[in-house]
Amino acid sequence: MADQQEPRETVHPMFEPEFLEATRRLEEQWRKDFDKIAERFGVDPATYQAYTRSGLPIKPVYFPHDVAAIPYHEIGSPGLFPYTRGLLAAQYQFMPWANQPVMGYGLPEETRERMDFLRAQGMTGYFGKTFYNLVYDLVSHEGVDPDHPAARGRVGQCGMAVYCRRDMERLFDGLELTQMNVVHITGYETIPVFAHYLAYAQQRGVPWQKLLGNTMNWYYQSAYCGMTTFPPQAGVDLAVELIQFCNEQMPQWNTLNLFGYGMEEAGAVAVEEVAFSVAAGLDYARACMAQGLAPDDFLPRFGFQIAQANDFFEEIAKVRALRRLWAKTCQALGATKPSAMHVRIHTHTSGVELTAQQPLNNLVRTTLHALGAALAGTQAMEVSAYDEALSIPTEASHTQSLRLQQIIQEETNITQVADPLGGAYYVESLTSQVEAAAVKLLEEVERLGGYRHAHEFIRARIESSAQAWRDQIDRNQRFVVGINKYVTDDVQKVEKFKVSLASEHESVRRIQALRAERDGPRWELAMAMVDKAVARFARGENDHTLIPAMVAASHADATTGELMAVLKRHLGWHAPV
Amino acid sequence: MAEHKIRVLLCKTTMESHDRGVRFLATKLRDAGMEVIYLNFLEPSEVVETAIEEDVDVVGLSSSVQGHVAVLEDVTSQLQTRGRDDVLILVGGVIPEEDVEPLRAMGVSGVFGPGSYVNDIVQFIREKVSARI
């Protein structure tokens, strides 16, 4: 048709006042029709209101006037501030998100088997590199060694039994360290584990600045988790020490992981996950700046781990809102480089939404989560296995989670278009709603003096959200298939993974052999240096010898438990004086 | 006669961060009129000490990451040695089916897996504890 060749005449003046008047009239008419249907279902249209999981009110349908007040530069284009639509001009067109399944169980060589296996199944990172997302066991997280009485029955469960430099050899020997990215998933033992990895790299002759990977620095978890080894201020200090070290010596290393996923698992809703992740990042960023670091130098190495849960569109809006809010926050801190304002996301599909009942249903849930994360534009992904609520993944369930990602990447064609939901009236409107609600919550944290001083507030908020969720299920106001709806007595049998007790015994034998075989005087000297460095650090006389002293101690065969004992002694909780 | 207020010690190792369920349970047991003591412990002996000091009727261990069999072995045998095997022992969280029998054999009365209802736990405690008093 000839007239359509003249774009000026055919383009709708979507946001001009007269047109918006017309769409408002359209909505009034639609509302009448909708209300009639509602009445037929016995619903009072005057009080009918739906909400997102975060409690944000949503409409049954959206119109152009719902987005007319959003400044267009707030939405912008992929690769432009405030990065609502994505970090870079290209999204998945030339390289999809990285497959980053969490791995770790048993002895280091058992974890290595799984690493090699999944790699052979096509697990792919960026630019041909492999990402190994490795979780340490809770014995390591606690900072004790496997022969500690508290470790019994826990060694290599829910994480790998890696406690010293020699375990790093068992885990990584034969792999090209510069061609891979290692995420060290630790609890409070971040620095001792980092020291083992650095010592191991040195032993292999690999310069530290060529290492790629992540440290968690999750000390701020003390706000919402039961376990907390260090008081909030000591946690901030330890995190900043590592960030400062990497800033100088390992500029490619990802120093801090902002763990929204952990908040979500503890009960946080989307708005809380955004607000508290930004609040934690802001608090740590200010602490870095107080040490003289420039935002453009350290902020590019901050990353996020974000949950993707059941409220499909709110979870997508959450990711877009987070990108926008973090970019603005970093700009206000003085960041100017795009990478210093980027939210690089490792998606972890929600674990708490999964059920032990009818476990294969979890494959459907995680597929929706993964699709949502992909539509939101994530950088890397771990998809929870369908046996998540039963055990750590079997080889089969682990592979299935990888295949799930690969099917979305290879078969759906969604990777061709960046931010495919951008511009949708609902999605843009909800993105702005999530951001506005998160800003309000962030302001409350700021009024309390920032994240490290707002633990009680954060905990209370997250806990009340967790409670509301379960109360709704118990009152049948929220349904979970297999829990309070479509319950069946049939038990879906799935194979469960079990870590053998023999691995625990071997781990204990190894650590005792290590203590017997190592050069005693050298170890003692190295530990004395660690003690001095940590004592000075704790006294506020930081001479930045803490990490180098720990690396030297790792060379002298010190264990994670031994190094953590020093940190706990000087920086842990003490009875009030 | 004044009604006995049931005293419950809920506990979880400091190693584990999965405390969403047990903290929810703590709130609900309190709402149901029980006294709840909450403990993050490192070694099982701390559970036993606290249970005796606080003179509790019930000990509930939460575990989502294994290790519960070892902890409960120690807790049940130490309570027995100290003459307090009258304490009702419960465990909840991710508890594999194959652990249930061994747990019962060592004196664990209730096992509550993923998705369990708080009301069932409240009822279980009330019935068992009143039978013991």
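General observations
- log₁₀ of I(q)/I(0) at q = 0.09 Å⁻¹ - chain A, Debye sum with one point per alpha carbon: -0.72
- The share of Cα pairs per 10 Å bin across segment A:152-193, counted from zero up to the longest distance, runs 22, 56, 20, 2 percent.
- Simple spin-label estimate for B:Ser109 and A:Arg25 in nanometres, 7 Å along Cα-Cβ: 7.3
- Orientation-averaged projection of segment A:157-255 equals 6.6 nm² [convex hull of Cα atoms, one quarter of hull surface area].
- Mean projected area (nm²) of the alpha-carbon convex hull when segment A:520-571 is viewed from all directions: 3.0
- Gyration tensor (alpha-carbon) shape descriptor, segment B:7-132, a/c threshold 1.5: rounded
- With R₀ fixed at 30 Å, the C-beta to C-beta distance from A:Val487 to A:Glu169 puts the FRET efficiency at about 0.05.
- Chain A: calculated mean residue ellipticity at 222 nm from DSSP helix runs of at least 4, using -39500 (n - 2.57): -15500 deg cm²/dmol
- The lysines whose alpha-carbon is closer than 26 Å to the alpha-carbon of A:Lys318, local same-chain residues fewer than 8 away aside, are A:Lys59, A:Lys328, A:Lys337, A:Lys440.
- Reachable lysines from B:Lys5, criterion Cα separation under 22 angstrom, eight or more residues apart if same chain: B:Lys28, B:Lys128
- Take each residue of peptide B:59-69, count the partner chain Cβ atoms within 10 Å of its Cβ, and average: the result is 4.
- For the pair A:Glu176 and A:Ala436, the difference between a 0.36 nm per residue extended length and the Cα-Cα distance amounts to 89.0 nm.
- Between A:Tyr72 and A:Arg509, the contour length at 0.36 nm per residue exceeds the Cα-Cα span by 151.0 nm.
- Karplus-derived HN-Hα couplings along segment A:296-308 (A = 6.51, B = -1.76, C = 1.60, θ = phi - 60°), whole Hz, x at Gly and Pro: 5, 8, 9, 4, x, 9, 7, x, 10, 10, 10, 7, 10
- Computed over segment A:93-233, Cα set: Rg, Dmax in Å: 15.4, 52
- Here chain B is assigned +1 on the Cβ of each Lys and Arg and -1 on the Cβ of each Asp and Glu. Its dipole about the Cα centre then comes out at about 420 debye.
- Helix-only [θ]222 nm of chain B, DSSP H runs n ≥ 4, -39500 (n - 2.57) each, per residue, nearest 500: -14000 deg cm²/dmol
- Shielding by partners, peptide A:219-226 (average Cβ within 10 angstrom, other chains): 3
- For segment A:272-284, backbone phi angles converted through the Karplus equation (6.51, -1.76, 1.60; θ = phi - 60°) give residue-by-residue couplings of 5, 4, 5, 4, 6, 5, 5, 4, 5, x, 5, 4, 5 Hz, Gly and Pro being listed as x.
- The protein assembly as shown - charge dipole about Cα centre, Lys and Arg +1 at Cβ, Asp and Glu -1, debye rounded to 20: 640
- Using the Cβ-Cβ distance between A:Phe117 and A:Lys210 with R0 set to 30 Å, the FRET efficiency works out to roughly 0.70.
- Of the peptides A:181-188, A:290-297, the order by per-residue mean of other Cβ atoms within 10 Å, starting with the highest, comes out as A:181-188, A:290-297.
- Summary of the geometry: segment A:13-38 and segment A:51-95, compared by the centres of their Cα atoms, lie 22 Å apart.
- Taking the DSSP bridge list for the protein assembly as shown and keeping only pairs wholly inside it, about 5 percent are antiparallel.
- Segment B:1-73 and segment A:363-379: distance between their alpha carbon centers, rounded to Å: 37
- Taking N as the residue count of segment A:201-264, its C-alpha radius of gyration divided by 2.2 N^0.38 Å amounts to 1.29.
- Along segment A:443-457 the Karplus relation, 6.51 cos²θ - 1.76 cosθ + 1.60 evaluated at θ = phi - 60°, assigns HN-Hα couplings of 4, 5, 4, 5, 4, 7, x, x, 3, 5, 9, 10, 4, 5, 4 Hz to successive residues, with x for each Gly and Pro.
- In this Cβ point-charge picture (+1 for Lys and Arg, -1 for Asp and Glu), segment A:133-261 has a dipole of about 180 debye about its Cα centre.
- Under 13 Å from the B:Glu97 label point (7 Å along Cα→beta-carbon), backbone N, segment A:317-361: A:357-359
- Dipole of chain A, positive end: most advanced residue of A:Ile458, A:Ala307, A:Gly76 [Cβ charges, Cα centre]: A:Ile458
- Anchor A:Lys498: lysines whose Cα lies under 28 Å away (excluding residues fewer than 8 positions away in-chain): B:Lys12
- Dipole orientation for segment A:520-571: of the candidates A:Met550, A:Leu525, A:His570, A:His570 has the Cα lying most toward the positive pole (charges on Cβ; Lys, Arg +1; Asp, Glu -1).
- Within 10 Å of each Cβ in B:7-17, the average number of Cβ atoms from other chains: 5
Laboratory data are not the source of any read-out in this text; all were calculated from the coordinates shown. Just so it is clear, the structure is predicted and the values come from calculations on it, not from any experiment. In this analysis, Cβ positions are derived from the backbone assuming ideal geometry, glycine residues included, and neighbour counts consider all displayed protein chains.
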